[in-house]
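All remarks here apply to the structure that follows.
The values are calculated or read from the model by the stated rules, or taken from the named source; none is laboratory data. What you see is a predicted model, and the numbers here were worked out from it, not measured in a lab. Here the Cβ positions follow ideal geometry from the backbone for every residue, glycine too, while neighbour counts run over all protein chains shown.
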Amino acid sequence: MEINDILLRPIVSEKMTQQGEKLNKYAFVVNPKANKLQIKQAVEQFYGVRVVDVNTMNYRGKVRRKYTKSGIIYGRTNHFKKAIVTLAEGDSIDFFSQI
């Protein structure tokens, strides 16, 4: 797998911004087939930082229902895999510098 196939997008939320500032942790939505070693190598190559630890979580899609004139429509959100990456002391990632 290539770097673009492994790292799908960063997760930028209030909670992850605080963890990035205090604990040097950053989150990404990753390919569900990627393992921790591939995620570590992809982050190190793409951002030029040293990764100390990788934690992964698999999220199941939630079932949703929508009430419409024609009746109830059922669906679900997508499954995804999230990786939280801890960087070495002194390293950081700035997601907003490339905008």
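Tabulated data
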| quantity | calculated |
| --- | --- |
| Any hit, region 45-60, residues being more than 17 Å from residue 11 (Cβ to Cβ) and touching a Lys or Arg at 6+ places or on another chain (Cβ under 7 Å) | no |
| Selection within region 7-41 - surrounded by 13 or more Cβ atoms within 10 Å (Cβ to Cβ), in contact with a strand residue (DSSP E or B) (Cβ under 6 Å, 6 or more places away or on another chain) and more than 20 Å from residue 96 (Cβ to Cβ) | 30, 36, 39, 40 |
| Scan of region 42-81 for residues that are among the β-branched types (Val, Ile, Thr) and out of contact with any strand residue (DSSP E or B) (no Cβ under 9 Å at 6 or more places or on another chain), ordered by number | 68 |
| Members of region 63-87 that are under 18 Å from the mean Cα position of the chain (by Cα) and of a type outside the set (Ser, Thr, Tyr) | 78, 79, 80, 81, 82, 83, 84, 85, 87 |
| Boolean, residue 84 is of a type outside the set (Asp, Glu), loosely packed, with under 11 Cβ neighbours inside 10 Å and either part of a strand (DSSP E or B) or at pLDDT 95 or above (or both) | no |
| Members of region 42-81 that are β-branched (Val, Ile, Thr) and either on the phi > 0 side of the Ramachandran plot or surrounded by 10 or more Cβ atoms within 10 Å (Cβ to Cβ) (or both) | 43, 49, 51, 52, 54, 56, 73, 77 |
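Residue by residue, here is whether (1) over 18 Å from residue 94 (Cβ atoms); (2) in contact (Cβ under 8 Å) with a residue 12 or more places away in the chain; (3) not aliphatic (A, V, I, L, M) holds:
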position	(1), (2), (3)
4	yes, no, yes
29	yes, yes, no
62	yes, yes, yes
70	yes, no, yes
74	yes, no, yes
